[in-house]
């Protein structure tokens with residue numbers, strides 16, 4: 001169930017003394033970032049402010065993730081499970097989510113290959129402001145849209161040639177180059193990969 005300010009009271013608060021575990025998931029990659037607890041007040045604050053707000057069991061008080069570090073969790077969606085006694089919250093993290101400085105409190109987890117594409121998209125976007133001489137991606141951005149688009153075209157041709165005249169390894173490498181340069185072009189045009197995926201989903205559902 002999608003949780004909103006109108007149905008907060010419908011959750012099974014009585015099961016755990018007015019506390020419900022909240023799993024925080026990266027909205028783009030699907031990675032699990034952290035787990036905390038929420039009471040009705042912290043969940044309402046989360047839904048109102050758009051910032052993940054938890055209940056500290058040690059301090060017996062509400063706390064906003066990032067209020068001291070600046071590493072906020074911007075909330076995209078809040079869901080509850082079938083028993084309505086736990087929460088899955090999709091967030092866009094601002095900086096590391098773990099107090100140890102790692103992106104996640106579960107740093108050993110492995111992302112699926114599909115979700116890695118979203119992670120790569122974020123890395124590419126972060127290179128926009130890097131110095132061109134220090135980053136190949138930044139160098140591409142500095143050359144402008146026309147050059148980036150030209151590069152995508154070149155990689156597309158190389159994929160086709162590799163498919164008909166080269167080895168499987170060559171084809172894999174060229175496809176990887178095409179995916180990467182396509183992501184750079186999308187970032188240059190301020191288009192999220194999710195928008196492309198939405199088009200594919202729409203076509204699939206027809």
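For helix 113-126, what angle does its Cα long axis make with the longest principal axis of the chain, in degrees from 0 to 90 and rounded to 10? For 113-126 against the chain, the angle is about 80 degrees. Footprinting exposure proxy ranking of 91, 82, 105, 98, fewest other C-beta atoms within 10 angstrom first, gives 82, 98, 105, 91.
Sorting the segments 23-35, 149-161 by their mean number of nearby beta carbons within 10 angstrom, highest to lowest, gives 23-35, 149-161. Can you classify the stretch 152-201 as rounded, prolate or oblate using the Cα gyration tensor, where a ≥ b ≥ c are the square roots of its eigenvalues, rounded means a/c under 1.5, and otherwise it's prolate if a/b beats b/c and oblate if not? Cα axes put the stretch 152-201 in the prolate bin. Across the stretch 8-93, the mean sequence separation of Cα contacts (distance under 8 Å, 6 or more residues apart), normalised by length, yields a relative contact order of 31 percent. May I ask for the angle, rounded to the nearest 10°, between helix 145-165 and the longest principal axis of the chain, with both axes built from Cα atoms and the value confined to 0 to 90°? It works out to around 70 degrees. Both numbers refer to the Cα atoms of the stretch 42-150; Rg and Dmax are 18.3, 58 Å. Under the classification rounded if a/c is under 1.5, otherwise prolate if a/b is larger than b/c and oblate if not, where does the stretch 113-204 fall, given a ≥ b ≥ c as square roots of the Cα gyration tensor eigenvalues? It is oblate, given that a/c is not under 1.5 and a/b is not larger than b/c.
Would you mind checking the tilt of helix 40-49 against the longest principal axis of the Cα atoms of the chain, expressed as 0 to 90 degrees and rounded to 10? The helix 40-49 is inclined about 40 degrees to the chain.
The mean sequence separation of alpha-carbon pairs under 8 Å and at least six residues apart, normalised by the residue count of the chain, gives a relative contact order of 16 percent. Each of 94, 89 has some number of other Cβ atoms within 10 Å of its Cβ, and from fewest to most they run 94, 89. Shape verdict for the stretch 1-67, please, from the Cα gyration tensor: rounded (a/c under 1.5), prolate (a/b greater than b/c) or oblate. Rounded shape, in that the Cα axes give a/c under 1.5.
For 131, 51, the sequence from fewest to most other C-beta atoms within 10 Å is 131, 51.
Considering helices alone, the calculated mean residue ellipticity of the chain at 222 nm is -13500 deg cm²/dmol, with DSSP H runs of length four and up weighted by -39500 (n - 2.57) and normalised per residue.
Any read-out appearing in this document is the output of simple, stated calculations on the displayed coordinates, not a laboratory observation. Just so you know, these numbers come straight off a predicted model, no measurement behind them. Note: ideal-geometry Cβ built from the backbone for every residue, glycine included; neighbour counts use all protein chains shown.
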